[in-house]
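The next block holds one structure in the form of structure tokens; read it before the comments.
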Amino acid sequence: DTGVSQNPRHKITKRGQNVTFRCDPISEHNRLYWYRQTLGQGPEFLTYFQNEAQLEKSRLLSDRFSAERPKGSFSTLEIQRTEQGDSAMYLCASSLGRVTLEQFFGPGTRLTVL
Amino acid sequence: GENVEQHPSTLSVQEGDSAVIKCTYSDSASNYFPWYKQELGKRPQLIIDIRSNVGEKKDQRIAVTLNKTAKHFSLHITETQPEDSAVYFCAAKQNNNDMRFGAGTRLTVKP
């Protein structure tokens, strides 16, 4: 499968625990995006990378959220001290770059915080 | 920042009829407008997109129109089929900015 992949697909955790998700973009895509989607809503932008540089971060993003893309390939999204309100689907998308704007989504990681 | 509004939130049509979903955006600098289809439990899939230098684009039964002056764009699906049933999201984006999505339209095509 040459599409965007995400792991794990599902994560159940207790409130207060830390969780980390991984996203592998389509190879050669230099832009990588993280979104959060709750039931009945469209994806909400969290942050994006161009290669290894994190270029933009949503003002809605709590300090408990951090993302990295150390080598400009895969990315991780970490949530510290999870809260019940963090329960959502976390989607990753990638795009080729500035000229090509199409974003291709991964299957998502569904987080449930108990 | 950009704000995208989408309506209707739900749409039910009979198989073979047309379906139209409309979106408005607030930032005149937005220049890319994709539409995504999301089936239950699956990832959003790009079905068609349009750039601000084009007024209309068609791909088989799907078409998108853009009115830059009024800052609205629409998705048109003709000859709807039951497999078109899904949630559809519009979005708007500027070159180096994030993409903003509408809240989605749940389309049901009744056989």
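Quick one: would you say A:GLU52 is without any contact (Cβ under 8 Å) to a residue 40 or more places away in the chain, in contact with a Lys or Arg (Cβ under 6 Å, 6 or more places away or on another chain) and open to solvent by 40 Å² or more (accessible area, probe 1.4 Å)? Considered against the rule, which asks whether it is without any contact (Cβ under 8 Å) to a residue 40 or more places away in the chain, in contact with a Lys or Arg (Cβ under 6 Å, 6 or more places away or on another chain) and open to solvent by 40 Å² or more (accessible area, probe 1.4 Å), A:GLU52 comes out as yes. One residue stands out in the range A:89-114 among those that are away from chain B (no Cβ under 14 Å) and hydrophobic (A, V, I, L, M, F, W, C): the one that is most open to solvent (accessible area, probe 1.4 Å), namely A:LEU114. Go through the residues of the range A:15-31 one by one and say whether even a single one is out of contact with any strand residue (DSSP E or B) (no Cβ under 9 Å at 6 or more places or on another chain) and within 13 Å of chain B (Cβ to nearest Cβ). No. Among the conditions (1) within 13 Å of another protein chain (Cβ to nearest Cβ); (2) basic (Lys, Arg); (3) over 30 Å from A:ARG59 (Cα atoms), B:LYS93 misses just one, which is (3).
For (1) open to solvent by 10 Å² or more (accessible area, probe 1.4 Å); (2) over 21 Å from A:THR112 (Cβ atoms), each residue gets a yes or a no:
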site	(1), (2)
A:THR2	yes, yes
A:CYS23	no, no
A:TYR35	no, no
A:ARG69	no, yes
A:THR76	yes, no
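Please go through the range B:44-58 and pick out each residue that is more than 15 Å from B:ASP84 (Cα to Cα) and within 9 Å of chain A (Cβ to nearest Cβ). B:ASP49, B:ARG51 - these are the residues of the range B:44-58 that are more than 15 Å from B:ASP84 (Cα to Cα) and within 9 Å of chain A (Cβ to nearest Cβ).
Elements of the type strands (runs of 3 or more DSSP E) sitting completely within the range B:25-68 and holding at least 1 residues that are among the β-branched types (Val, Ile, Thr): these cover B:45-51, B:62-67. State yes or no: is B:THR108 more than 14 Å from chain A (Cβ to nearest Cβ) and in contact (Cβ under 8 Å) with a residue 40 or more places away in the chain? It is true that B:THR108 is more than 14 Å from chain A (Cβ to nearest Cβ) and in contact (Cβ under 8 Å) with a residue 40 or more places away in the chain. When we screen A:SER75, A:SER27 for residues that are small (Gly, Ala, Ser) and either within 14 Å of the chain's Cα centre (by Cα) or at pLDDT 95 or above (or both), the only hit is A:SER75. Of all residues in the range A:32-45, count the ones that are more than 9 Å from chain B (Cβ to nearest Cβ) and in contact (Cβ under 8 Å) with a residue 24 or more places away in the chain. Of the residues in that region, 4 qualify.
Residues in the range A:39-74 that are farther than 21 Å from A:LEU101 by Cβ and acidic (Asp, Glu): A:ASP63, A:GLU68. Selection of the range B:18-63 for residues being open to solvent by less than 50 Å² (accessible area, probe 1.4 Å), over 19 Å from B:GLU5 (Cα atoms) and more than 13 Å from the chain's Cα centre (by Cα) yields only B:GLY55.
The values are calculated or read from the model by the stated rules, or taken from the named source; none is laboratory data. For clarity, every value in this text was computed on a predicted model and none was experimentally measured. In this analysis, Cβ positions are derived from the backbone assuming ideal geometry, glycine residues included, and neighbour counts consider all displayed protein chains. Side chains are part of the model used for accessible areas, which takes the heavy atoms of the whole protein and leaves out ligands, DNA and RNA. Shrake-Rupley method; radii C 1.70, N 1.55, O 1.52, S 1.80 Å.
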